[in-house]
Structure formats: C-alpha cells, structure tokens
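Enquirer: What follows is a structure written as structure tokens; I'll ask about it next.
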Amino acid sequence: MISRKLFSSSIWIKPSLYLKIWIWTIGRANHDDQEKGGYLYRRGEFTTTYDEIMKAGAHYHNRKYIIPSLKQVRTILAWFVSEKMIFVEPIRAGGLPLPANQGGTGLGLTGADPRASTRAYVGIRIVVIKYDPYQSLKNYKGRHKGRPTSQLGHNNNNGSKKNKEYVEDSDELRLASFLLEEILKNKPDFRKPNLQTWGRDIDLMLKRDRRTLERIREVIVWAQGDSFWRSNILSTGSLRDKFDRLELAMQEKSTQGSDRTTQYQDLTGRGTV
C-alpha cells in the first residue's frame, strides 16, 4: 500500500521513471527483519544491483524494449538520497558485513560515495528512510483483517507468484481455444495444452504487442490453412513469436494471388493489366 502523501510529494512532478523506481524500491524492501545467508537484513532495507534496478525501470515504447541507462539510475538514486527518502551504501567485493550469527548486525558501513562507479562494488544496500508511512501493518487492518503478512505480498522470500487465471468466456481463453480447434482440424490427436498458459500468451499479444482480436483470429485461420505454417504454429507462444512473419506471408500470398488473377484475365482477353 502506498501512502496518499505520495500524491503531494516532490516525486509526483518528476519524470515517470522516478516514481516507477520508487514504487519498486518500496516493494523490494523487507517488510520484517530477516536473516538470510547468515546476515541480518532490517525492515525497510534490501540489497540489489544497478543492473536489477535498470531492468525494473524498463518499459515498452512503440514495441521497442527500452532499458534506462546506468547514469539515469544513479541520478535517480542520488535524488532519492538528497530528498532523504533512502540511504544507499555500496557493497564492496569481499567486504561483506559481519554475519548476525557471529555477533554482527549484517550491516556494513563502507563510507563510500553511493554515486561511485568503480567495479569494486558488487551491489548496493538500500535503506528506505521512515519506511513505516509506506508499509505500516496498520494500513492492512480492516480490509485484510486476520490475513498473515505473507499473503499480502510483503514477504520477499515466499518464492511464488500466482499467475492470473482467465475465465472461460474471456478474450484470452476464447482465442486460445479457437487456435486449438483449428489445429485439431489438421491433427485430431493433437495433445491438449494448458489453455491458461496459452491464454497468457494471448494476453501479452493484446496488451503488450497491441494486436487486435480480429487480426489474431485472421492470422490463426490463415496459418492453419497454409501447408507450411500449419505445422509451425502449434501454440500461442509460436503464434506470438512469428506473428509479424505470418502477417507478411499473408500479404505476400495475397499479392501473388492477385497477380495470377490479373495475368489470367489478360491472356483470355477478359481484362487488362
């Protein structure tokens, strides 16, 4: 849960990448003190790498996958530090803090400049300052009363992400089922797939790739009617992966068919080129 104060804070008028990385930072921070690998990680902090933050800030624009630069990430983190939103501490190679089971806190104090770019640093420790206003347990009383914290999505070590379930009459499942029906026309003993998995591919085609329902259906019909492509498009994954090639092949076949019709009309004298 994000505090409503965020809407009136200085980050709200910054470029959208600032807000995206800030929300990711809050979500990645430990909700409770946790010991991992013999080290104690406090509530509101976590370890990461610049590469991981860059990937977290990536997005699609006009079908192009754009990853923010290292310079952009460093600038954003430096701004967070200047606004007293976080504390950043580089982790030196071979310079890990003393483990909690050896009497230490698990937290190092390198005293290094968080903007430093030396390769001697293998990661960074980020501490969200005043973490409670963003993720206090009080925020979950009422609507989630009686549910353990791990079920609210704040246990970073649960190791599981529940996939979205598509209902039977959803666009995703209807198109996935339609592809299966077309495949079965060519191969009746085709092994039944997991339609939920197929539905996720359709979901990505619709939302991420910006394909339309009608166009996906048209490509499915054409591909399963083509002697070459029917054996190559046997899942929604391959359909998504080859979609642009399929559209080009459709256009090429359509053009060839139009050319043959024009040539026939010219030879018979029933038409002109």
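The values are calculated or read from the model by the stated rules, or taken from the named source; none is laboratory data. Model, not experiment: these values are computed from the prediction. Cβ: placed from backbone, ideal geometry, glycine included. Neighbour counts: every protein chain shown.
Enquirer: Can you tell me how many residues in segment 210-231 are exposed (fewer than 15 other Cβ atoms within 10 Å of the Cβ), under 27 Å from the mean Cα position of the chain (by Cα) and in a loop (DSSP other than H, G, I, E, B)?
Expert: So the count comes out to 2.
Enquirer: Would you be able to tell me the number of residues in segment 44-80 that are farther than 13 Å from ILE126 by Cβ and not in a helix (DSSP H, G or I)?
Expert: Qualifying residue count for the region: 13.
Enquirer: What pairs can you find where one residue is in segment 173-196 and surrounded by 15 or more Cβ atoms within 10 Å (Cβ to Cβ), the other is in a loop (DSSP other than H, G, I, E, B), and their Cβ atoms are less than 6 Å apart, with a gap of 6+ or different chains?
Expert: LEU173/TYR166; ILE183/PHE190
Enquirer: Residue pairs, Cβ under 8 Å, 6 or more apart or interchain, first in segment 1-30 and over 11 Å from GLY57 (Cβ atoms), second at pLDDT 85 or above and of a type in the set (Ser, Thr, Tyr). List them.
Expert: ILE11/TYR18; ARG28/THR48
Enquirer: Please verify whether ALA56 is at pLDDT 90 or above and surrounded by 13 or more Cβ atoms within 10 Å (Cβ to Cβ), treating the condition exactly as stated. Reasoning before the result, please.
Expert: Numbers: at pLDDT 90 or above: yes; surrounded by 13 or more Cβ atoms within 10 Å (Cβ to Cβ): yes.
For ALA56, the condition - at pLDDT 90 or above and surrounded by 13 or more Cβ atoms within 10 Å (Cβ to Cβ) - is met.
Enquirer: State which residue is modelled with the highest pLDDT when the search covers only segment 82-112 and only residues that are surrounded by fewer than 16 Cβ atoms within 10 Å (Cβ to Cβ) and assigned to a helix (DSSP H, G or I).
Expert: That would be SER82.
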